[in-house]
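For reference, the structure discussed in these notes is given below.
The values are calculated or read from the model by the stated rules, or taken from the named source; none is laboratory data. Predicted model, so just to flag it, every value in this text is computed and none were measured. All Cβ positions, even for glycine, are placed from backbone atoms using ideal geometry, and neighbour counts span all protein chains on display. Quick note on the areas: whole protein, heavy atoms, side chains included, nothing else; ligands and nucleic acids left out. Shrake-Rupley method; radii C 1.70, N 1.55, O 1.52, S 1.80 Å.
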Amino acid sequence: MATAKRFILSIDGGGMRGLIPLRVLEALEGRLARLGVELPMHRVFDLMCGSSSGGLIVAGLAAPKATGGHGEAAATVAELRRFFEEEARALFTHSLRKRLSRFVTNPFGVFDERYDGRLLDQLLKDRFGWTSLQSALTHLVVTGYDIEHRRPLLMGTAPADGGARPDDYYIWQAVRAALAAPSFFEPARIDNLSLGRQEAVIDGSVVHADPVLVAYAEARKLGFAPRDIVIVSLGVGRAPDRAINPQAAENWGAHGWMLPSNGAPIWSVLTSAQAQGVADAAALLFTEMDGPSYIRIDGLVPAEAEDWDNARPGNLLLLNGAADRIIRDHTLVLDRLAAVIAAALSAPEADRVAPAAA
């Protein structure tokens, strides 16, 4: 009997650089289509996990369509790409009128968050409606950090510790929390539907910029055998050439290290270091284990393209160029991955495990 395969998708956090893993998914979709597999991503992956903008992507691909389309996801890969290339531009606006308006309502908010989250709230409500995580079309995990209870928060469908039912959340609120990057958006107040309380949550990239180990742990809670797991981990690009000037840093103080207009250097350092460290550890760990298969796709971005919130047209060109290079450098990897997925999905029913609905 052929070995059953469980395909896991893990996507790093990175704000606007989330465009890069979307482009990689487009490339994978194209290869699958050429092999005769034209399925939505929730029919390909048994579990999707993401942090920050990665959380937005996996939720869009795994959540049911708010308008009631039977078995349809809230978004396609192409629709999510349009979000990054078009809608995000309005979200990350720096108009003088908006700044003056916020100053009038909060004149002492010198250190206030960079963006008003109300437009983001509306965009997410329109896309996801009021469906909850437990209605996801495949297993789903979105990371956050609960600042009141000081705990990493895994909002998803896998059993909690001890096999208990996981706490349930509205999908739009889980994504809103995942995007609540400190200094950029205020903490999200989200409803814990299981406990009947509100929780204050920020972007899970503070602890899980690369959530691949979270994805693996959640897969094991679901009972997936290590040898059957194929983990596809998508990065958002690294910018090693973006040096921090030591002389400038000496005079920043706390404000300078967190200031978004300065590129929020401490946020950039912590998340990039965490992602790189986890990716290196995962490569070593999974190589030494009896499974799973681990595929990491990442690459470099220009220094000026690293900013979490840069949605300007020129930066989108840089990000798309970086995505082109990453796809080119991983052509053979993507070819092999598509072949493995196509073979698993075309295997006789008795020889494979179909993607599991949540």
Relative to the compact-globule scaling 2.2 N^0.38 Å, provide the ratio for the alpha-carbon radius of gyration of region 1-72. 1.19
Is the shape of region 146-278 rounded, prolate or oblate, going by the alpha carbon gyration tensor and its root eigenvalues a ≥ b ≥ c, with a/c under 1.5 for rounded and a/b larger than b/c for prolate? oblate
Could you look at the chain and say what percent of its accessible area is carbon and sulfur, using a 1.4 Å probe and all protein chains? 55 percent
When the Cα atoms of region 140-222 are enclosed in a convex hull and the volume is divided per residue, what value in Å³ results? 86 Å³
Give me the angle, in degrees from 0 to 90, between the Cα long axis of helix 118-128 and the longest principal axis of the Cα atoms of the chain, rounded to the nearest 10. 10 degrees
Report the relative contact order of region 107-229, percent, no decimals, based on alpha-carbon pairs under 8 angstrom and at least 6 residues apart. 25 percent
Positive end of the charge dipole of the chain (Lys, Arg +1 and Asp, Glu -1 on Cβ, about the Cα centre): tell me which of Pro152, Gly71, Pro182 has its Cα farthest that way. Gly71
What is the angle, in °, between the Cα long axis of helix 19-34 and the longest principal axis of the Cα atoms in the chain? Nearest 10 is fine, range 0 to 90. 20 degrees
Among Thr331, Thr287, Ala275 - extreme Cα towards positive end, dipole of region 226-358, charges at beta-carbon: Thr331
Fraction of antiparallel bridges per DSSP, the chain only, in percent to nearest 5: 45 percent
Ignoring ligands, DNA and RNA, what accessible area per residue does region 6-350 give at 1.4 Å, in Å²? 44 Å²
Across the chain, how large is the tail of the calculated P(r) beyond 40 Å, expressed as a percent of all Cα pairs? 10 percent
Measure nothing fancy, just the Cα-based angle from helix 265-288's long axis to the longest principal axis of the chain, in degrees from 0 to 90, nearest 10. 20 degrees
Sort the following peptides by mean Cβ neighbour count (other Cβ atoms within 10 Å, averaged over residues), highest first: 246-257, 274-285, 40-51. 40-51, 274-285, 246-257
What whole number of Å gives the distance from the Cα centroid of region 35-58 to the Cα centroid of region 183-224? 17 Å
Below 8 Å, C-alpha to C-alpha, sequence gap of six or more: please give me the relative contact order for the chain in percent. 26 percent
Given Cβ point charges of +1 (Lys, Arg) and -1 (Asp, Glu) and nothing else, what value in debye, to the nearest 20, does the dipole of the chain about its Cα centre take? 420 debye
Rounded to the nearest 0.05, FRET efficiency between Leu222 and Gln122 (Cβ-Cβ, R0 45 Å) equals 0.85
